[in-house]
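A.B. asks: This is the structure I have questions about; it appears just below.
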Amino acid sequence: MTTPAFSDLNLCPELLSGLEKLGYTQPTPIQAKAIPLVLKGEDLLAEAQTGTGKTASFALPIIEKLSKTPPQQNYRQVRALVLAPTRELAIQVADNTLEYGRAVGMRVMSIYGGVRLDNQIRKLKRGADILVATPGRLLDLLQQKVINLDHLEFLVLDEADRMLDLGFIDPIQKIMDYAAEPRQTLLFTATADESIEVLADFYLNNPQKIKVSPRNSTAKQVKQIAYGVDNSDKSEILSYLIQEEKWGQTLVFARTKKRVDELVQYLNKEDIYAAAIHGDKTQRERERMFKEFLSGELHVLVATDVAARGLDIEALPYVVNYDLPNVPEAYVHRIGRTGRAGESGEAISLVAPAERDFLKRIEQLIKQKIRLRPVPRIENGKRIEIEDFADRPMKKRPAKGKKQVKREQIEAYQPDTSKRAIRPGLFKK
Ligand code: AMP
């Protein structure tokens, strides 16, 4: 089957031009499959992971359908609800949905726990067409009658497997009791096991089942490596690896604009041609850097997550997490930039002791363990793994008076083996 173009998918011209502005040239496989089904009015049980473009696969057809029947009154009632397991995902989905719906004036709002209720209540009073929420906070607001779901037309359970893992079955069931029917319900999950089947049996009406393989199979094509390091040694270690292992083009992610700039300065001093992209750079500067990087002129591009959006590059050999993202999904997005199209790639993370928890959450998300190792010594371009953690890995610049990495700091994390929070039987009312 040839991949359709966005223009084959019956989306309105406003949405199509919005996608063009975002630089989306072609639908991803999940989008090609899901968009026509949602437009037709089907319920959906979709197996797709983060990074496959799943947000647009439900947001675009929902926006398309909502825009065809604009709300009658000025005050916007919630007509589509997306439930997401975490605050980070809720924010990300709301941000993306807002982008997709901007051209047709869609109002999108997110609510999640951990922030003051009164602010969210004030925001909600302004009304929203599409609400993205974590289950606990939404239930709270429903019970307080701050919000109602009487006009709901679409309900999306995003990352349903994670919501079950996090024990959200109870609030989800209660939320469902508030949600108007008939409605179209879409369930997205990275894994489909028995408890997902039961959830689908309960809440989906004759769903169409679709499945796509991850955009980037983390296990197969990308070698994931994590080095246990001290934060203060990161720039030196990165420069060492790039030079001694003779890395090809490398995309580096750092957490803040300041860290991006400082790293670029350091690498330039080390005679590595590196440049920065982040939110303080103008659009023109960013485009110029993207172009230089895509053409192969620029050796190392250092970026924040937001700035690197839209950088689609084939078969990049190295992606570096100079800082681990605190949102685990961002890790999957970042390393999805390497090992494309059957090429092999390496994703290298420099993990400071304070980032161990982030690594743990990433491992839980990708359901894979990433062994934390000491920085290797490089001899003739080859990695010599150092078994003795007390040995300094730096050959060129032995660090004077710097703290040694402690063995216990870089012991591998043991994944949580606890069982799912829900068992199928629990659904019986
Ligand atoms: P998601 O799986 O929804 O989290 O999307 C993963 C990333 O892919 C996001 O950064 C989107 O902006 C991007 N994306 C989604 N659809 C497309 C597309 N058709 N073309 C290019 N990028 C896309």
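The values are calculated or read from the model by the stated rules, or taken from the named source; none is laboratory data. Please read all numbers here as calculations on a predicted model, not as lab measurements. No Cβ is skipped: glycine too gets one built from the backbone with ideal geometry, and neighbour counts run over all protein chains shown. Heads up: the accessible areas ignore ligands, DNA and RNA and are worked out on the full protein's heavy atoms, side chains in. Shrake-Rupley method; radii C 1.70, N 1.55, O 1.52, S 1.80 Å.
A.B. asks: For Gln143, project a label point 7 Å along Cα to C-beta. Then give me every residue of the stretch 154-185 with its amide nitrogen under 15 Å of that point.
C.D. replies: 168-178
A.B. asks: First measure r as the distance between the Cβ atoms of Glu285 and Cys12, then evaluate 1/(1 + (r/R0)^6) with R0 = 30 Å and state the FRET efficiency to the nearest 0.05.
C.D. replies: 0.35
A.B. asks: Roughly speaking, what is the stretch gain from Glu385 to Arg116, that is 0.36 nm per residue apart minus the C-alpha to C-alpha distance, in nm to one decimal?
C.D. replies: Between Glu385 and Arg116, full extension yields 92.0 nm more.
A.B. asks: Quick one: which of 240-247, 162-169, 30-37 comes out on top by average Cβ neighbours within 10 Å, and what's the full order, highest first?
C.D. replies: Per-residue mean Cβ counts within 10 Å order the peptides as 30-37, 162-169, 240-247.
A.B. asks: Report the accessible area of Ile370, computed with a 1.4 Å probe over the heavy atoms of all protein chains in place, in Å² rounded to the nearest 10.
C.D. replies: Rounded to the nearest 10, that gives 10 Å².
A.B. asks: For the stretch 6-211, I need the span (max minus min coordinate) of the C-alpha atoms along each principal axis, in Å, sorted largest to smallest.
C.D. replies: 44, 43, 30
A.B. asks: Against the 2.2 N^0.38 Å scaling, with N counting residues, where does the stretch 59-158 land? I'd like the Cα-based Rg ratio to two decimal places.
C.D. replies: Taking the Cα Rg and dividing by 2.2 N^0.38 Å, one obtains 0.98.
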